[in-house]
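Only one structure is covered here, and it is reproduced in the block below.
Every number in this text was worked out from the coordinates using simple rules, so none of it is lab data. None of the values given here were measured: they were computed from a predicted structure. Cβ placement follows ideal geometry from the backbone for every residue including glycine, while neighbour counts extend to all protein chains displayed.
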Amino acid sequence: MLRDERPGTLAECRQAIDRVDAALATLLERRAELAGVVQRLKPVGGFAGRDLGRERDVVARMAVRAPALGESRLSAIMNAVIEAGLHLAEERSDR
Ligand SMILES: O=C(O)C(=O)C[C@]1(C(=O)O)C=C[C@@H](O)C=C1
């Protein structure tokens, strides 16, 4: 997945993207599960306990590994990822 592959055709590019997306889906699911545990451990969890400083640190660390995307684009991506995790945790806490 992290190989620097150079697919030459449209089909090869899409196959390479599909492999990356498969890994991303697994990682996103794992991340959401961990974030859900964090919500239960924090004194105030969920959207009410949102920690924007922590979110900025997460994005800054990711930008070191993904400099082409950079902090601004990663921030938008991670905001969606974090909010999806918080929504899932909220849904589960309703049950
Ligand atoms: O680290 C936390 O305090 C969390 O609640 C986890 C998390 C995350 O998904 O990374 C979610 C919401 C917070 O605003 C910050 C980070």
- Message: Within the range 67-95, take every residue that is in contact (Cβ under 8 Å) with a residue 24 or more places away in the chain and over 18 Å from residue 51 (Cα atoms) and give me the one that is farthest from the chain's Cα centre (by Cα).
- Response: 93
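Every residue, every condition in (1) over 16 Å from the mean Cα position of the chain (by Cα); (2) touching a residue at least 12 places away in the same chain (Cβ under 8 Å); (3) under 25 Å from residue 83 (Cα atoms), yes or no:
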{"position": "7", "(1), (2), (3)": "yes, no, no"}
{"position": "12", "(1), (2), (3)": "yes, no, no"}
{"position": "21", "(1), (2), (3)": "no, no, yes"}
{"position": "24", "(1), (2), (3)": "no, no, yes"}
{"position": "27", "(1), (2), (3)": "no, no, yes"}
{"position": "32", "(1), (2), (3)": "no, yes, yes"}
{"position": "35", "(1), (2), (3)": "no, yes, yes"}
- Task: Tell me which residues, restricted to the range 48-95, are under 17 Å from residue 34 (Cα atoms) and of a type in the set (S, T, N, Q).
- Result: 79, 93
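Table: residues versus (1) at positive phi; (2) among the polar types (S, T, N, Q).
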{"residue": "4", "(1), (2)": "no, no"}
{"residue": "9", "(1), (2)": "no, yes"}
{"residue": "13", "(1), (2)": "no, no"}
{"residue": "28", "(1), (2)": "no, no"}
{"residue": "46", "(1), (2)": "yes, no"}
